[in-house]
Amino acid sequence: MPVSSEDYRDALRHFPSGVTIVTIKAGEEIHGLTVSAFASVSPDPPLVGVMIDHRHHAYPLLEEEEAVFAVNMLREDQIELSNRFAWVKDEDRFAEGDWQTAVTGAPVLSDALAWLDCTIHGRRPAGSHTIYLGEVQASSVPKPDAPPLVYWNRGYRTIHQHDGD
């Protein structure tokens, strides 16, 4: 018998992850959400994966045939933008930030740590979520030396680099 959802979440909160804003373009609709469930999948072809809860507004958008998405990796000084895309409901989430488009038309954050612009390569239902495999069509690393925004144990964290030894 599997562990309870509560025990599962309690264990996973101890695994640090980077913070991204996943932006979606489906037809004329644009949407974005804060996502830490992101992973590199394959370098050839270049594939990434994002896991989206079926209860989120992003889910039906990503199910549309022509949907595309971008993964915007956040810098540690972009906490407010992360919170905006996690919690803002009625306002335009894109009112803050320098948003542009790349190849697919999904919004990319021009001053993100890095971004990946993707077409949907596959959809895999997985329990309460769907895993969306994105084939990377374009990428950029606007701020290569900036530290990433990290989420661990229910809070944002900073990275400390050790010198030598």
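The values are calculated or read from the model by the stated rules, or taken from the named source; none is laboratory data. Remember, predicted model here, so these are calculated numbers, not experimental data. Every residue, glycine among them, receives a Cβ derived from its backbone with ideal geometry; neighbour counts consider all protein chains shown.
Observations on the structure shown:
- Members of the stretch 146-161 that are exposed (fewer than 10 other Cβ atoms within 10 Å of the Cβ) and on the phi < 0 side of the Ramachandran plot: 155, 160, 161
Results for (1) more than 29 Å from residue 158 (Cβ to Cβ); (2) under 13 Å from the mean Cα position of the chain (by Cα), shown as yes or no for each residue.
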{"site": "21", "(1), (2)": "no, yes"}
{"site": "33", "(1), (2)": "no, yes"}
{"site": "47", "(1), (2)": "yes, no"}
{"site": "56", "(1), (2)": "no, no"}
{"site": "63", "(1), (2)": "yes, no"}
{"site": "67", "(1), (2)": "yes, no"}
{"site": "76", "(1), (2)": "no, no"}
{"site": "80", "(1), (2)": "no, no"}
{"site": "93", "(1), (2)": "no, no"}
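- Residue 157 being at pLDDT 95 or above and more than 14 Å from residue 23 (Cα to Cα): no
- Matching option when the condition is loosely packed, with under 12 Cβ neighbours inside 10 Å, within 20 Å of residue 126 (Cα to Cα) and among the acidic types (Asp, Glu), among 6, 64, 80: 6
- Members of the stretch 123-139 found to be surrounded by 13 or more Cβ atoms within 10 Å (Cβ to Cβ) and either over 14 Å from residue 35 (Cα atoms) or not β-branched (Val, Ile, Thr) (or both), listed by number: 123, 129, 132, 133, 134, 135, 136, 137, 138, 139
- Across the stretch 47-65, not a single residue is classified as touching a strand residue (DSSP E or B) at 6+ places or on another chain (Cβ under 8 Å), within 19 Å of residue 114 (Cβ to Cβ), not in a strand (DSSP E or B) and not aliphatic (A, V, I, L, M).
- Subset of the stretch 5-31 (residues that are in contact with a helix residue (DSSP H, G or I) (Cβ under 9 Å, 6 or more places away or on another chain) and either part of a loop (DSSP other than H, G, I, E, B) or among the basic types (Lys, Arg) (or both)): 19, 25, 27
- Selection within the stretch 132-158 - touching a residue at least 60 places away in the same chain (Cβ under 8 Å), in contact with a Phe, Trp or Tyr (Cβ under 9 Å, 6 or more places away or on another chain) and in a loop (DSSP other than H, G, I, E, B): 149
- Residues within the stretch 72-118 that are basic (Lys, Arg) and modelled with pLDDT under 95, tallied: 2
- Residues of the stretch 110-129 that turn out to be under 23 Å from residue 43 (Cβ atoms) and within 15 Å of the chain's Cα centre (by Cα), as a count: 9
- Lone unmet requirement of (1) in contact with a strand residue (DSSP E or B) (Cβ under 8 Å, 6 or more places away or on another chain); (2) within 25 Å of residue 137 (Cα to Cα) for residue 44: (1)
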